[in-house]
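The values are calculated or read from the model by the stated rules, or taken from the named source; none is laboratory data. Note that the structure is predicted; figures quoted are calculated from it, not measured. Here the Cβ positions follow ideal geometry from the backbone for every residue, glycine too, while neighbour counts run over all protein chains shown. The protein model used for the area step is the full one, side chains on, heavy atoms only, and it has no ligands, DNA or RNA in it. Shrake-Rupley method; radii C 1.70, N 1.55, O 1.52, S 1.80 Å.
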Amino acid sequence: MNDLLATLSIALPLVLAAWSLVATIRNRPPDRSHLVGLAVVELVVLALAVTALAAWAGGERPADAGTFTGYLLTLVCLPPLAGVLARMEPTRWGSVIVTVVCLVIPVVVVRLQQTWQVPGV
Amino acid sequence: MSEPAPRPVDRAGARPTAPEHATPPGDRGGDRATQRLGRRTNSGPGRALVAVYILFAIAASARATVQIATRFDKAPVAYLLSALAAVIYIVATVGLARGDAVGRRTAVICCSVEFAGVLGVGALSLLRPALFPDDTVWSDFGGGYGYVPLVLPVLGLLWLRRTRSGVADAGGGSRVRAAGPR
């Protein structure tokens, strides 16, 4: 997998999580900056997914194909999920949602890397 | 927001004690059930709770699907428990997200079963590890998921209790009786 994209898909959500935590503490709903941030995160994880699938098609194989696919599908769904729920909840709790989902994304990326790299199950 | 009187007597008598006493969901599923009975479970902090439940519904169902599809023979009990956990998370999510009386009752049951499941499976996985050749969501009290599975049903039940009818936004204390299960 592309190391730069993987690093970005860990780092950017963490930054966004911190940013929406600020909004939570200030008792603010998520604003445009958070939604744009989610969109950027989505683009990055989509790019990661595309490069991973391209590498797969090119002969490399994830160690555990089923699990890898599951994590990949989950990953690309997370930012839109956060965005939709955050828009439904224009209170500080919307910011909590963005924070929580943005903390989960790096975990999923790390697990994704593990299922790609570790041989065997 | 028009708000017809929510029949406090009816609600107070029916809910805490006997879920089986409830009328069939079909008859009451309309306007009355979706009217404001206390606070809705699906807004404010509840929406954040729903978000976390969605995450766990996805995590548990993805995990169970992969496990059962690719290596069911390895640890059938553990994988069936994963599937059960997935179903419970999904139903609890829907219950909380509906925010009406039926959803509330569903969520109370699911959160209770979930809590019992985390404690039971967690204890068994430590005491009799041979039963679980592979982990479930609830193994080691949800340790593989940062112990969130252990905390989540408690948060769910506390939230359901706080949002019961008769308990205003001012918070707990006005009701003495606890929410039955757990």
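Report, please, the projected area of the stretch B:40-162 averaged over directions, based on the convex hull of its C-alpha atoms, in nm². Present the calculation step by step, with values, prior to reporting the outcome.
Values: hull surface 26.9 nm².
Orientation-averaged projected area of the Cα hull: 6.7 nm².
Among B:Cys110, B:Gly120, B:Gly95, whose Cα lies farthest out toward the positive end of the dipole of the stretch B:40-162, if unit charges sit on the beta carbon of Lys, Arg (+1) and Asp, Glu (-1)?
B:Gly95
For the pair B and A, how large is the buried accessible area, both sides, in square angstrom to the nearest 100, if the probe is 1.4 Å? Could the numbers behind the result be given before it?
Details: alone 9650 and 6540 Å², together 14990 Å².
Approximately 1200 Å² gets buried when B meets A.
When a/c is below 1.5 the answer is rounded, else prolate if a/b is larger than b/c, else oblate, so apply that to the stretch A:3-117 with a ≥ b ≥ c taken from the square roots of the Cα gyration tensor eigenvalues.
prolate
Mean residue ellipticity at 222 nm from the helices of chain A, using -39,500 (n - 2.57) per DSSP H segment of n ≥ 4 over the full residue count, to the nearest 500 deg cm²/dmol? Walk me through the intermediate numbers first.
On the way: 4 runs with 99 residues, N = 121.
So the calculated ellipticity at 222 nm is -29000 deg cm²/dmol.
What average number of partner chain Cβ atoms lie no more than 10 Å from the Cβ of the residues making up B:123-129? Spell out each step's value before the answer.
Values: counts 0, 0, 0, 0, 0, 0, 0.
Average neighbour count from other chains, rounded to a whole number: 0.
At a Förster distance of 45 Å, what's the computed FRET efficiency of A:Leu4 paired with B:Arg71, Cβ-Cβ distance as r, to 0.05?
Values: r = 33 Å, r/R0 = 0.74.
Between A:Leu4 and B:Arg71 the formula returns 0.85.
Take each of the peptides B:101-109, B:116-124, average the number of other beta-carbon atoms within 10 Å over its residues, and list them starting from the highest. It would help to have the intermediate numbers written out before the result.
Working: B:101-109: 22.0, B:116-124: 17.6.
Averaged packing, sorted descending, gives the order B:101-109, B:116-124.
With a cut-off of 13 Å, note down the residues of the stretch B:74-89 whose backbone N falls inside the zone around a label point 7 Å from the Cα of A:Leu73 toward its beta carbon.
No residues fall inside that zone.
Give me the net charge of B:Ala78's neighbourhood, meaning all other residues with Cβ under 10 Å from the Cβ of B:Ala78; Lys, Arg count +1, Asp, Glu -1. Don't skip to the answer; put the middle values down first.
On the way: positive: B:Lys74; negative: B:Asp134, B:Asp135.
With Lys, Arg at +1 and Asp, Glu at -1, the net is -1.
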